[in-house]
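See below for the structure under consideration.
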Ligand code: ZN
């Protein structure tokens, strides 16, 4: 064997050099190939990263859009919250959280009229409401009644008279439950049931809802399905069963654009109304229904929002 190799060495001395050169070339080619492969793999990596990035980049403007919408919606809601002019003791349960009026730009400039809306809850009552209607007719004043469905069922003739004499009739729910304790479906039921009663008695459903206790949360907002009207002047006539006190409380707290809360189920309140009208008229106020006052001040009432003044 060794002899054979020695013979090859002698006969082809250049063979060793050739083999060595081939070895060197082979190693070089191998190294270059490996490098090429690595570069190729890195390029592929970069490509795959790019492929993943493309849809992300395409999605991003969308994501920004959604965020932008949310922010502008939040800002709108902020703009909808109006300052509360009433003292602490008269605040309703909604005031800390309730978005109220539309943006200021949508509101018409004040016409210069001093206006106020008298509103009456919890009726109609066959015992007390007709006497109130007599007083309002004598004084030529139009008001807004937020009626309870179960009361309206018992007094459809009073309801018809309210409408016939130009008053606004709206909903105070079917059974006066605190809506923030109810499910969305139950809230819808409270609203729908009154509408059925109103439809039967006066031929139309309510356009506005006054939630009992002024209690509103996000579930109420989402399910009530109509604009909500609260109030900014509350004489607490349910507590002060004294017509002089009720009259003084209303007149001392009234302001331009205020919504006044009273209850037409108390004789003492009915007794106070003529004096309230006389005093506010003497102070330059005109009386509008809630919808009239909203229109007067350029408000477009939106479902799920609440309003305490215009
Ligand atoms: Zn009530």
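The values are calculated or read from the model by the stated rules, or taken from the named source; none is laboratory data. None of these values were measured; they are calculated from a predicted model. Methodologically, a virtual Cβ is constructed for each residue, glycine included, from the backbone with ideal geometry; neighbour enumeration extends over all protein chains shown.
Annotations
- Residue within the range 293-306 that is modelled with pLDDT of 95 or more, in a loop (DSSP other than H, G, I, E, B), surrounded by 18 or more Cβ atoms within 10 Å (Cβ to Cβ) and more than 21 Å from the chain's Cα centre (by Cα) present: no
- Any hit, the range 164-173, residues being outside any loop (DSSP other than H, G, I, E, B) and away from the ligand (no atom under 16 Å from the Cβ): yes
- For the residues 173, 128, the requirement of being buried (at least 24 other Cβ atoms within 10 Å of the Cβ) and in contact with a helix residue (DSSP H, G or I) (Cβ under 9 Å, 6 or more places away or on another chain) singles out 173.
- No other residue among 185, 201, 206 is outside any helix (DSSP H, G or I), away from the ligand (no atom under 14 Å from the Cβ) and at pLDDT 95 or above apart from 206.
- Test: residue 217 is in contact with a helix residue (DSSP H, G or I) (Cβ under 8 Å, 6 or more places away or on another chain) and either modelled with pLDDT of 95 or more or more than 13 Å from the ligand (Cβ to nearest atom) (or both): yes
- Within the range 250-259, the residues that satisfy the criterion of being surrounded by fewer than 23 Cβ atoms within 10 Å (Cβ to Cβ) and outside any loop (DSSP other than H, G, I, E, B) are 251, 252, 253.
- Of all residues making up the range 107-136, the number that are modelled with pLDDT of 95 or more and either under 21 Å from residue 194 (Cα atoms) or over 28 Å from the mean Cα position of the chain (by Cα) (or both): 19
- Residues in the range 226-249 that are under 21 Å from residue 128 (Cβ atoms), part of a loop (DSSP other than H, G, I, E, B) and in contact with a strand residue (DSSP E or B) (Cβ under 7 Å, 6 or more places away or on another chain): 5 in all.
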